[in-house]
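Novice: Below: one structure in structure tokens.
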Amino acid sequence: MTEQAVAEYRIEDLAHRSGATVRTIRAYQDRGLLPRPERRGRANVYGDTHLARLRQIADLLDRGYTLASIKELLEAWDAGRGLGGVLGLVAEVDGPWTDEEADRISRADLAARFGGSEDEAAIADAVALGILEQIPGQEDEFLVPSPQELAVAAELHASGVPLPAISAHLRELRGQIEHIATRFLEFTTEHVFARYLGPLPPTDAEAAEAASLVRRLRPLAQQSVDAELARAMKLFATRHLHRHLSEGPVTSQVEEAHSVQLPAETIRAVQSLVGAESVAEFIAVAAEREVQARALDTLTSKHRNSLSVDQMPPTA
């Protein structure tokens, strides 16, 4: 029985067999994802182990894993730990955290939903915020990661909220939500997941158990936020409404004008003092001063009468 020959590849051959480019293979080596080749004289020699690893990386990339996650998985594999549980754990964490499905929208449909005209500044702002994602090679179409979030923005805009105000509000809200997410992660890590975060990667069984916990606990953060937001909105909206109702309707500061007939001689006299354009203002100010003078006289008279009563001698 003859011994089966071990396959050997130059880097160009390895690239052809794996479907990766030479540049990608070298990048994987630099990042520690791919073992270094065997050095023979001035040539680098790769084997089936390298080919299998490249196909494994390609499969994980197709499944949505990042290169950083793949490196952790492969290190666990190289350490002799099973990948089944670890893959399940990473899949739970890296997978979607919402049932909402992404959608696409054209520039024309986007403009129609937001007033009928294109606003390049608003589109750029939406792309920066991740509300829209530019699809490579398609300038007139966008990916919408969260159609629900876009629908909220469209409804607010239709209600009269300017687009810059919506963007500013989202930025503020996102910062507060990220703080909530961080605190929830710290809380669950401390009380639930700390036992899986030792110096060594989790065993296959431990990783599978942690993945099951992530699957159970994942919706709790959103459920907690939904419940607390509903409670707070009811509380503050009710207070806001009651405060405005108790204050009563807001009256206009502009008083109704009344026409008053004045002697012609009076009008001419005022015109000679302040000019024709200031007649109405002069008469109003003079009348107001007279009213204030009469009020002062009334107060003074009341005070004098009070003093006179106090100073009267007692009757026998």
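Novice: Among the residues of the stretch 127-163, count how many are of a type outside the set (D, E, K, R) and in contact with a strand residue (DSSP E or B) (Cβ under 8 Å, 6 or more places away or on another chain).
Specialist: Of the residues in that region, 11 qualify.
Novice: Taking the condition surrounded by 11 or more Cβ atoms within 10 Å (Cβ to Cβ), in contact with a Phe, Trp or Tyr (Cβ under 8 Å, 6 or more places away or on another chain) and at pLDDT below 85, does VAL279 pass?
Specialist: No, not satisfied.
Novice: Any chance the stretch 2-15 includes a residue that's in a loop (DSSP other than H, G, I, E, B), surrounded by fewer than 16 Cβ atoms within 10 Å (Cβ to Cβ) and of a type in the set (Val, Ile, Thr)?
Specialist: Yes, that holds for at least one residue.
Novice: I've got another one for you. Being part of a helix (DSSP H, G or I), surrounded by 13 or more Cβ atoms within 10 Å (Cβ to Cβ) and touching a residue at least 24 places away in the same chain (Cβ under 8 Å) is the filter here, so list the residues in the stretch 104-145 that pass it.
Specialist: Result: ARG107, LEU110, ARG113, ALA122, ASP125, ALA126, LEU129.
Novice: In addition: I'd like the full set of residues that are part of a helix (DSSP H, G or I), exposed (fewer than 15 other Cβ atoms within 10 Å of the Cβ) and of a type in the set (Gly, Ala, Ser), limited to the stretch 182-219.
Specialist: The answer is ALA194, ALA205, SER212.
Novice: Okay, moving on. Restricting to the stretch 153-165, name every residue that is open to solvent by 80 Å² or more (accessible area, probe 1.4 Å) and of a type outside the set (Asp, Glu).
Specialist: Result: ALA158, SER159, PRO164.
The values are calculated or read from the model by the stated rules, or taken from the named source; none is laboratory data. What you see is a predicted model, and the numbers here were worked out from it, not measured in a lab. Glycine also receives a Cβ, built like all others from the backbone with ideal geometry; neighbour counts cover every protein chain displayed. Accessible surface areas use protein heavy atoms only, side chains included; no ligands, DNA or RNA. Shrake-Rupley method; radii C 1.70, N 1.55, O 1.52, S 1.80 Å.
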